[in-house]
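Participant: First the structure, which I've put down as structure tokens, then a few questions once you've had a look.
The values are calculated or read from the model by the stated rules, or taken from the named source; none is laboratory data. The model shown is predicted, which means the values in this text are computed figures rather than measured ones. Positions of Cβ are backbone-derived with ideal geometry, glycine not excepted, and every protein chain shown enters the neighbour counts. When the accessible area is computed, the model is the full protein with side chains, heavy atoms only, and any ligands, DNA or RNA have been set aside. Shrake-Rupley method; radii C 1.70, N 1.55, O 1.52, S 1.80 Å.
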Amino acid sequence: MQLPLLTIKNLSINFSSINGTINHAVNNINFTLHTNEILAIVGESGSGKSVTALSILQLLPKKIISYPNGEINFYLNNEKQNILQLSNTQLQQIRGNHIGMIFQEPMSSLNPVITCGNQVLETIRLHQKISYQEAKEQTIALFEKVKLPNPAAIFHRYPHQLSGGQKQRVMIAMAISCKPAILICDEPTTALDVTVQKEILQLIKSLQQETKMGVIFITHDLGIVAEIAHNILVMYKGEIVEQNTTQQIFSSPQHPYTKALLACRPALYTKGNKLPVVADFLQNEINQQQIVEVNNDFTVNNNNSHILMEVKNLKCYYTTKKNFIGKELANFKAVDDVSFHIYQGETLGLVGESGCGKSTLGRTLLKLINPTSGNIFFNNTDITSVNANQLLTLRKKMQLIFQDPYASLNPMLTVGEAIAEPLYYHDKNLSKKLVKEKVIHLLESVGLSANDVKKYPHEFSGGQRQRIVIARALILNPAFIVCDESVSALDVSVQAQVLNLLNELKQTFKFTALFISHDLAVVKYISDRIMVMHQGKIVEINTPENIFSQPKNNYTKQLIQAMPNIKF
């Protein structure tokens, strides 16, 4: 009888806070991972998915973590080893070599002062006694395997010189460099557009089939789960509420929470329908059709002819090579002669591959990046020519929801201080009581609680941090918001809450939004029009219906074909 790769038995995980409070993160969970199996773990942000994964490699801080009961058994060469009882030396032999991990946030996982190539090379040489040159060749081959452009050049680049998706691919290359027996993937495709996502999923699946490794795949994207997983484990509030084959979970879910996760996907709804959330199922256990009928209360208004934002011949070039006197010899055209407009009250969706210029365009519209040439008109004011004082005034009206929530939050400020900071900056006469009320109201609006005000960013999960960043951007009631992958790190239920929140706020405050995302289903649901970007250029602009039913550009067709297709 063949032994499994990993067994988790009656595992409980507790966190202790500074004041002595014990938080029960995981409670008596049991599951098994077999050779040649892809096991998906799904659940809301904060449900215990990542805590479970990090415990397998003992990467949680020992000063505040405890395991009151349970075992984590790893089977190496048919010998069972309880990871909870191993020494640091024994763990170092297992980490990376036998159990690899792809982390959720590549920017905070990669060392900013070491080139990408040397970071992967270091992992290879740590576990393989080979020369620097051999390790370099392996690293470049890995970069090629994960579809990084110009792998030899990427080897010498630093993390900040790569896009979010490219950084994630470097992390994947690092995780598979030693061909581990188990690969733990913690939201590995969060930062990737659909075409690259599909390639990475195929890569992980082909590597899994080639090496027969077991894969634990943590994700909030049920479309991905349907494409890649053999079995699914559903977690809710630290407990496993359901586990079964992928076929059974999608065709016949048993637990109300599982039903809720499946029903909350934006792909199931058209613009104008309020998305259901988990609470609708857990409290009422009503079916999906009833939710659609009850919540069909968003109106769509595309008749506003007032143009709030107009972009004319915008270019943003980065110098990539200079001669000895500083003259530019070569450049990268991040945004290449782009023209478009956004109507007041409209949500314009922006999609395209990682590195195509989406984020650069969004930041340039807010004058966070100075354009090479072109004009940006906001309410008929050319912001490319305003002075510093005028720009500060515009900052209150134009906000950005960042892609990487951890990197955009100050670790030294509490969540309450981070959200309140813009209010104090723009209106120094506000009372502390009023500011606190506004902060708590917004925290509750994005699914957090008043008790979170005094917590720090590191005390939250990735999805919870994303909600904090959204709350901070909305605190000033801006007229224009650039949402740069603002729901990419959220599970489907919280994503539904945030999308509903954005729609509700649009109804109340009539703000305009540029919604940047690699998730075409989300863009289709929330956008009045969709703009497709490829290699710095806008290749197509149209309504969601026309983009998806009659795409004109070949690149748009490729994006749509790459979308996950759930067949259950």
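Participant: Being among the polar types (S, T, N, Q) and in a loop (DSSP other than H, G, I, E, B) is the filter; apply it to segment 429-479 and report the residue that is farthest from F509 (Cα to Cα). First the steps, then the outcome.
Facilitator: From segment 429-479, those among the polar types (S, T, N, Q) are 429, 431, 445, 449, 451, 461, 464, 466, 477; that's our starting set.
Pick out the ones that are also in a loop (DSSP other than H, G, I, E, B) and you get 429, 431, 449, 461, 477.
On the way: N429: 23, S431: 23, S449: 23, S461: 29, N477: 7 Å.
For segment 429-479, the residue satisfying everything is S461.
Participant: Answer with yes or no whether L476 is of a type in the set (A, V, I, L, M, F, W, C), touching a residue at least 40 places away in the same chain (Cβ under 8 Å) and surrounded by 24 or more Cβ atoms within 10 Å (Cβ to Cβ).
Facilitator: Values: of a type in the set (A, V, I, L, M, F, W, C): yes; touching a residue at least 40 places away in the same chain (Cβ under 8 Å): yes; surrounded by 24 or more Cβ atoms within 10 Å (Cβ to Cβ): no.
Considered against the rule, which asks whether it is of a type in the set (A, V, I, L, M, F, W, C), touching a residue at least 40 places away in the same chain (Cβ under 8 Å) and surrounded by 24 or more Cβ atoms within 10 Å (Cβ to Cβ), L476 comes out as no.
Participant: Return the residue satisfying two criteria in turn: it lies in segment 263-276 and is surrounded by 22 or more Cβ atoms within 10 Å (Cβ to Cβ) and either aliphatic (A, V, I, L, M) or at pLDDT 90 or above (or both), and of such residues it is nearest to M235 (Cα to Cα).
Facilitator: Selected residue: A263.
Participant: Related question: Does Y456 qualify as being of a type outside the set (A, V, I, L, M, F, W, C) and open to solvent by 20 Å² or more (accessible area, probe 1.4 Å)?
Facilitator: Details: of a type outside the set (A, V, I, L, M, F, W, C): yes; open to solvent by 20 Å² or more (accessible area, probe 1.4 Å): yes.
The answer is yes for Y456.
Participant: Of all residues in segment 1-14, which are under 21 Å from A229 (Cβ atoms), open to solvent by 10 Å² or more (accessible area, probe 1.4 Å) and either of a type in the set (A, V, I, L, M, F, W, C) or without any contact (Cβ under 8 Å) to a residue 60 or more places away in the chain (or both)?
Facilitator: Correct list: Q2, L5.
Participant: Shifting gears a bit: Just need a number here: residues in segment 151-182 that are part of a loop (DSSP other than H, G, I, E, B) and not hydrophobic (A, V, I, L, M, F, W, C). I'd like the intermediate steps shown before the answer.
Facilitator: Residues of segment 151-182 part of a loop (DSSP other than H, G, I, E, B): 156-158, 162-163, 176-181.
If we keep only those that are not hydrophobic (A, V, I, L, M, F, W, C) too, we end up with 156-158, 163, 177, 179-180.
Residues that pass the stated criteria total 7.
Okay, residues lined up against (1) of a type in the set (A, V, I, L, M, F, W, C); (2) more than 30 Å from N410 (Cα to Cα):
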{"residue": "V113", "(1), (2)": "yes, no"}
{"residue": "P149", "(1), (2)": "no, yes"}
{"residue": "A152", "(1), (2)": "yes, yes"}
{"residue": "M171", "(1), (2)": "yes, no"}
{"residue": "A181", "(1), (2)": "yes, yes"}
{"residue": "I200", "(1), (2)": "yes, yes"}
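Participant: To continue, here is another question. Kindly evaluate Q403 against the criterion of being touching a residue at least 24 places away in the same chain (Cβ under 8 Å), closer than 23 Å to S488 by Cα and part of a loop (DSSP other than H, G, I, E, B).
Facilitator: Numbers: touching a residue at least 24 places away in the same chain (Cβ under 8 Å): yes; closer than 23 Å to S488 by Cα: yes; part of a loop (DSSP other than H, G, I, E, B): yes.
Here the answer is yes, as Q403 does meet what is asked.
Participant: Mind listing whichever residues of segment 220-241 are open to solvent by less than 10 Å² (accessible area, probe 1.4 Å) and more than 21 Å from the chain's Cα centre (by Cα)?
Facilitator: Of everything in segment 220-241, just one residue is open to solvent by less than 10 Å² (accessible area, probe 1.4 Å) and more than 21 Å from the chain's Cα centre (by Cα), namely G238.
Participant: Hey, another quick one. Restricting attention to segment 323-363, which residues are touching an Asp or Glu at 6+ places or on another chain (Cβ under 6 Å), in a strand (DSSP E or B) and open to solvent by 10 Å² or more (accessible area, probe 1.4 Å)?
Facilitator: We begin by selecting, within segment 323-363, every residue touching an Asp or Glu at 6+ places or on another chain (Cβ under 6 Å); these are 341, 346-347, 353-354, 359, 362.
From what's left, in a strand (DSSP E or B): 341, 347.
The answer is H341, and nothing else.
Participant: Related question: Determine which member of the set L490, L514, L499 is on the phi < 0 side of the Ramachandran plot, open to solvent by less than 10 Å² (accessible area, probe 1.4 Å) and part of a loop (DSSP other than H, G, I, E, B).
Facilitator: Values: L514 fails: part of a loop (DSSP other than H, G, I, E, B); L499 fails: part of a loop (DSSP other than H, G, I, E, B).
Of L490, L514, L499, the one residue that is on the phi < 0 side of the Ramachandran plot, open to solvent by less than 10 Å² (accessible area, probe 1.4 Å) and part of a loop (DSSP other than H, G, I, E, B) is L490.
Participant: Given the conditions (1) open to solvent by less than 20 Å² (accessible area, probe 1.4 Å); (2) of a type in the set (A, V, I, L, M, F, W, C); (3) farther than 15 Å from S354 by Cα, and given that M174 satisfies all but one, which numbered condition is not satisfied?
Facilitator: Unmet for M174, out of (1) open to solvent by less than 20 Å² (accessible area, probe 1.4 Å); (2) of a type in the set (A, V, I, L, M, F, W, C); (3) farther than 15 Å from S354 by Cα: (1).
This table checks each residue for (1) touching a strand residue (DSSP E or B) at 6+ places or on another chain (Cβ under 9 Å); (2) surrounded by 15 or more Cβ atoms within 10 Å (Cβ to Cβ); (3) of a type in the set (A, V, I, L, M, F, W, C).
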site: F103; (1), (2), (3): yes, yes, yes
site: V120; (1), (2), (3): no, yes, yes
site: K147; (1), (2), (3): no, yes, no
site: H156; (1), (2), (3): no, no, no
site: P159; (1), (2), (3): no, yes, no
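Participant: Answer with yes or no whether M107 is farther than 30 Å from L11 by Cα, buried (at least 17 other Cβ atoms within 10 Å of the Cβ) and within 27 Å of the chain's Cα centre (by Cα). Don't jump to the end; show me each part of the working.
Facilitator: Values: farther than 30 Å from L11 by Cα: yes; buried (at least 17 other Cβ atoms within 10 Å of the Cβ): yes; within 27 Å of the chain's Cα centre (by Cα): yes.
Yes.
Participant: Can I ask one more? Determine whether P371 is of a type outside the set (V, I, T), in contact (Cβ under 8 Å) with a residue 12 or more places away in the chain and open to solvent by less than 10 Å² (accessible area, probe 1.4 Å). Break it down stepwise before answering.
Facilitator: Values: of a type outside the set (V, I, T): yes; in contact (Cβ under 8 Å) with a residue 12 or more places away in the chain: yes; open to solvent by less than 10 Å² (accessible area, probe 1.4 Å): no.
No, not satisfied.
Participant: I've got another one for you. Name the single residue, out of those in segment 89-101 being in a helix (DSSP H, G or I), open to solvent by 60 Å² or more (accessible area, probe 1.4 Å) and not β-branched (V, I, T), that is nearest to A181 (Cα to Cα). Quick ask: steps written out before the conclusion?
Facilitator: The initial filter retains those residues of segment 89-101 that are in a helix (DSSP H, G or I), namely 89-94.
This time we only want the ones that are open to solvent by 60 Å² or more (accessible area, probe 1.4 Å), so: 89-90, 92-93.
Going one step further and asking which of them are not β-branched (V, I, T), we end up with 90, 92-93.
Numbers: Q90: 16, Q92: 15, Q93: 13 Å.
Only one residue fits best here, namely Q93.
Participant: What are the pairs with Cβ atoms under 7 angstrom where one residue, in segment 227-241, is of a type in the set (A, V, I, L, M, F, W, C) and the other, located anywhere, is open to solvent by 50 Å² or more (accessible area, probe 1.4 Å)? Sequence gap at least six, or different chains.
Facilitator: I228/K205; I232/Q243; I232/N244; L233/Q243; V234/Q243; V234/H255; V241/H255
Participant: Where the second residue is open to solvent by less than 50 Å² (accessible area, probe 1.4 Å) and not aromatic (F, W, Y) and the first is touching a residue at least 60 places away in the same chain (Cβ under 8 Å) and lies in segment 131-153, which pairs have Cβ atoms under 9 Å and are six or more apart or on separate chains?
Facilitator: Filtered contacts from segment 131-153: P149/Q166; P149/G355.
Every residue, every condition in (1) open to solvent by less than 30 Å² (accessible area, probe 1.4 Å); (2) over 22 Å from R363 (Cβ atoms), yes or no:
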position: K510; (1), (2): no, yes
position: D519; (1), (2): no, no
position: I530; (1), (2): yes, no
position: I538; (1), (2): no, no
position: N546; (1), (2): no, yes
position: Q558; (1), (2): no, yes
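Participant: Provide a single number: the residues in segment 15-59 that are open to solvent by less than 50 Å² (accessible area, probe 1.4 Å), part of a strand (DSSP E or B) and more than 25 Å from S493 (Cβ to Cβ).
Facilitator: Qualifying residue count for the region: 2.
Participant: When only residues in segment 139-180 that are of a type in the set (S, T, N, Q) and at pLDDT below 95 count, which is farthest from L57 (Cα to Cα)?
Facilitator: Once the filter is applied, the top-ranked residue is N150.
Participant: Search segment 416-434 for residues that are closer than 22 Å to R467 by Cβ and aromatic (F, W, Y) and pair each with any residue that is open to solvent by less than 100 Å² (accessible area, probe 1.4 Å) and outside any loop (DSSP other than H, G, I, E, B) when their beta-carbon atoms are under 9 Å apart and the residues are at least 6 apart or on different chains.
Facilitator: Y424/V435; Y425/R395
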